[in-house]
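Encoded as structure tokens, the structure appears first; notes follow it.
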Amino acid sequence: MTTRIDTRLADLKAQGRAALVTFLTAGDPDPKLSLEILRALPKAGADMIELGMPFTDPMADGPAIQASSQRALKGGATLAKTLDMVRTFRKDEAATPIILMGYYNPIYIYGVDKFLADAKDAGVDGLIVVDLPPEEDEELCLPALKAGLNFIRLATPTTDDKRLPAVLANTSGFVYYVSITGITGTAKPDANAVAKAVARIKGHTKLPVAVGFGVRTAEDARAIASKADGVVVGSALIDALKGTLDAEGRGNGKTVSAVTSLVSSLAEGVRSARSA
Amino acid sequence: MNVSPTPNSFRNGPDERGHFGMHGGRFVAETLMPLIHELEAAYNDAKKDPAFKREMTHHLKHYVGRPSPIYFAERLTEEIGGAKIYLKREDLNHTGAHKVNNVLGQIMLARRMGKKRIIAETGAGMHGVATATLCAKFGLECIVYMGAVDIERQRPNMMRMNALGAKVVPVTSGSSTLKDAMNEALRDWVTNVGSTFYCIGTVAGPHPYPAMVRDFQCVIGDEVRVQMQEAEGRLPDSLIACIGGGSNAMGLFHPFLDDASVEIYGVEAAGHGLDKLHAASIAGGRPGVLHGNRTYLLMDKDGQIEEAHSISAGLDYPGIGPEHAWLHDVGRVNFLSATDDEAVEAFQQLCRIEGIIPALESAHALAKVPEIAAKKPKDHLMVVNLSGRGDKDLDSVAARLGGKI
């Protein structure tokens, strides 16, 4: 079956450009502003949206996304509310794919079957669950594929050629290449190393390859977009959001535009990559 | 001597994917997976190598000071008036706790794998001190993540780690305690995966850690088997140990799991009480996934991890090792819990009548001894694991007793 992710990536390929995938944490800094940001993203130039499911212990994330999760949880975020947010978004946006990103425990506690049914019903297209390697595919990956959701797996610089086939086996939608060994929002990726890695992955799969971790500026985005099928930006957007908050972590009239203006600039970077 | 596991043994786990029943497994980021496979292969290889075992035995004897004594606590036995109570003196190991057994094994494995940079997380600081000690002995770089709250309540251990040349990194994210220190250690590991060995302090984390740490700690129970034969001519009738993650307990219990005559008790930290703030994952938690494994966890209805509380920083963790979780499910180990107040009382009792200052962790196990031992006949042999010494806890106990100790 074809999902919104497949359709969007095929369209962009036809246009000859990479996708801009933007990340935000559901409920950060509060439920209302978070929904406003989500709704504003497609118009600002986001081709796909990664929506973080807040978790108390995000082991693979850096300080920006950790703090973002904490703000959301403090504001009462739950997995059910994250799904409601997607449902509301879908009322007036049918084309932009939404990928839920997070850790397994909240899903496990929600109940895998119920989660997959509710996510599908809400309009979710794919899942990235950081702490579910292929060794644990029975937990969520296989049921998700059966439910018609893409299960997007991370490949990393430590994923060698021997391991890559196992990582790719049940991956769908696209492959998310993590450009650094490290947590989100820290080191800056090396465009040449990324190009080599993307070529290596493409030697094993026909799936598109998106690259993330450490992309902050339009320049970074342009450099990666010339080598990959997608560019994922997270921590830089969270930092832009955080820059508008008061000492108590409350947002204001500038919060949404701080994020969307950076997204517009990143989108320009991505769009100019292949023409440059 | 150890009894060889049989097909129906409680000692056969985990399966090849690291599962103990529904618990265990490998729930970590992809970056770490290749290294975890490498570690598993290196450990399997080391297990088969007689030279590894010989070197381990040598260091355990000459550096750690093993075997640790088993001590008949005559006055405690008299005061309680039931079972004959023996204490397994892990507090007499070099560095003052059982932690050193496991760290020695992991550091030897790290050297075998050519890793020069060691990271660890610590709660009470005993695992950090043991790691700093072995890194000093073998000339390895050592970084220890410790919650800012724990640094405050375990300052002497932080000073010990500094003196031993380790870098102690205060963790201020989340609740600033052990679980957050473990998150930070995992973040470091993901970042420095090529050069770094992560020395986990308890029988938790992704496979093969729970099994590997258990194997390194089984020296405790293996010695108890021999020592009780020497002292009494037979196996003990019951075993008791405290449980945070559960490594000292697993080390004592595992060699006895197939001896049906041996009753086994694990004591969790009930903190202010099981209906209030506590750290008893089995009594007050349910199965979930955190820090690389599935096990009983303290969490809210949405699967968000809750902060644990215990007067003992070493038990202050919202989970428990996956093998314990399974032993609870199958009913082989009885899990009890002791409150902060009960632990402090047991701490004072052992100081007063045996001249031994127990770690507050061990005091949780001691707290349940009176109610179990008093009901047993005088020929019942009970072994309590005295997992560590309590010098580090004097401030915590004094604070609880209103400054008087």
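Give me the residue from the range A:35-53 that is closer than 16 Å to residue A:107 by Cα and open to solvent by less than 10 Å² (accessible area, probe 1.4 Å) and, out of that set, nearest to the other protein chains (Cβ to nearest Cβ).
A:52
Is it the case that some residue within the range B:65-87 is within 14 Å of chain A (Cβ to nearest Cβ) and hydrophobic (A, V, I, L, M, F, W, C)? I'd like the intermediate steps shown before the answer.
Taking the range B:65-87 and keeping what is within 14 Å of chain A (Cβ to nearest Cβ), we get none.
Scanning the range B:65-87 turns up no residue that is within 14 Å of chain A (Cβ to nearest Cβ) and hydrophobic (A, V, I, L, M, F, W, C).
Based on this model, can you work out whether residue B:205 counts as open to solvent by 10 Å² or more (accessible area, probe 1.4 Å), within 14 Å of chain A (Cβ to nearest Cβ) and either among the charged types (D, E, K, R) or touching a strand residue (DSSP E or B) at 6+ places or on another chain (Cβ under 9 Å) (or both)? Quick ask: steps written out before the conclusion?
Details: open to solvent by 10 Å² or more (accessible area, probe 1.4 Å): no; within 14 Å of chain A (Cβ to nearest Cβ): yes; either among the charged types (D, E, K, R) or touching a strand residue (DSSP E or B) at 6+ places or on another chain (Cβ under 9 Å) (or both): yes.
The answer is no for residue B:205.
Checking the conditions here, which among B:260, B:231, B:270 is in a loop (DSSP other than H, G, I, E, B) and away from every other protein chain (no Cβ under 14 Å)? Walk me through it before giving the result.
On the way: B:231 fails: in a loop (DSSP other than H, G, I, E, B); B:270 fails: in a loop (DSSP other than H, G, I, E, B).
Exactly one of B:260, B:231, B:270 is in a loop (DSSP other than H, G, I, E, B) and away from every other protein chain (no Cβ under 14 Å), namely B:260.
Would you mention how many residues in the range B:292-307 are open to solvent by less than 20 Å² (accessible area, probe 1.4 Å) and in a loop (DSSP other than H, G, I, E, B)?
Of the residues in the range B:292-307, 3 are open to solvent by less than 20 Å² (accessible area, probe 1.4 Å) and in a loop (DSSP other than H, G, I, E, B).
Give me a count of the residues in the range A:107-135 that are small (Gly, Ala, Ser), more than 18 Å from residue A:24 (Cα to Cα) and in contact with a Leu (Cβ under 8 Å, 6 or more places away or on another chain). Write out each step before concluding.
First, the residues of the range A:107-135 that are small (Gly, Ala, Ser): A:111, A:117, A:119, A:122-123, A:126.
So of that shortlist, the ones also more than 18 Å from residue A:24 (Cα to Cα) come out as A:111, A:117.
Next cut, in contact with a Leu (Cβ under 8 Å, 6 or more places away or on another chain) only: none.
Number satisfying all stated conditions: 0.
Taking into account only those residues within the range B:8-21 that are within 11 Å of another protein chain (Cβ to nearest Cβ) and assigned to a loop (DSSP other than H, G, I, E, B), which is most open to solvent (accessible area, probe 1.4 Å)? Write out each step before concluding.
Looking only at the range B:8-21, we keep the residues that are within 11 Å of another protein chain (Cβ to nearest Cβ), and these are B:16-19.
Adding the requirement that they be assigned to a loop (DSSP other than H, G, I, E, B) leaves B:16-18.
On the way: B:16: 143, B:17: 85, B:18: 3 Å².
So, considering only residues that are within 11 Å of another protein chain (Cβ to nearest Cβ) and assigned to a loop (DSSP other than H, G, I, E, B), the one most open to solvent (accessible area, probe 1.4 Å) is B:16.
Can you tell me which residue in the range A:64-102 is nearest to residue A:181 (Cα to Cα), limited to those that are facing another protein chain (nearest Cβ under 8 Å) and within 17 Å of the chain's Cα centre (by Cα)?
Selected residue: A:66.
For the range B:117-147, enumerate the residues that are open to solvent by 30 Å² or more (accessible area, probe 1.4 Å) and more than 14 Å from residue B:198 (Cα to Cα). Spell out how you get there, then give the answer.
Filtering the range B:117-147 down to residues open to solvent by 30 Å² or more (accessible area, probe 1.4 Å) leaves B:117, B:136-139, B:141.
Scanning the range B:117-147 gives B:136, B:137, B:138, B:139.
Which residue, of B:316, B:393, B:341, B:379, is surrounded by fewer than 18 Cβ atoms within 10 Å (Cβ to Cβ) and closer than 30 Å to residue B:180 by Cβ? It would help to see each step written out before you state the result.
Values: B:316 fails: surrounded by fewer than 18 Cβ atoms within 10 Å (Cβ to Cβ); B:393 fails: surrounded by fewer than 18 Cβ atoms within 10 Å (Cβ to Cβ); B:379 fails: closer than 30 Å to residue B:180 by Cβ.
It is B:341.
In the range A:147-165, how many residues are surrounded by fewer than 20 Cβ atoms within 10 Å (Cβ to Cβ) and either facing chain B (nearest Cβ under 9 Å) or part of a loop (DSSP other than H, G, I, E, B) (or both)?
So the first thing to find is which residues in the range A:147-165 are surrounded by fewer than 20 Cβ atoms within 10 Å (Cβ to Cβ), and the list is A:147-148, A:157-158, A:160-165.
In the following step, the residues that additionally are either facing chain B (nearest Cβ under 9 Å) or part of a loop (DSSP other than H, G, I, E, B) (or both) were identified as A:147-148, A:157-158, A:160-163.
Residues that pass the stated criteria total 8.
Condition test on residue B:213, is it of a type in the set (Val, Ile, Thr), under 17 Å from residue B:128 (Cα atoms) and not assigned by the TED database to the domain that holds residue B:117?
Working: of a type in the set (Val, Ile, Thr): yes; under 17 Å from residue B:128 (Cα atoms): yes; not assigned by the TED database to the domain that holds residue B:117: yes.
Yes.
The values are calculated or read from the model by the stated rules, or taken from the named source; none is laboratory data. Predicted model only: the values in this text are computed from it and were never measured. Counting neighbours? That spans all protein chains shown, and the Cβs are built from the backbone with ideal geometry, glycine included. Surface accessibility is based on the protein's heavy atoms, side chains included, excluding ligands, DNA and RNA. Shrake-Rupley method; radii C 1.70, N 1.55, O 1.52, S 1.80 Å.
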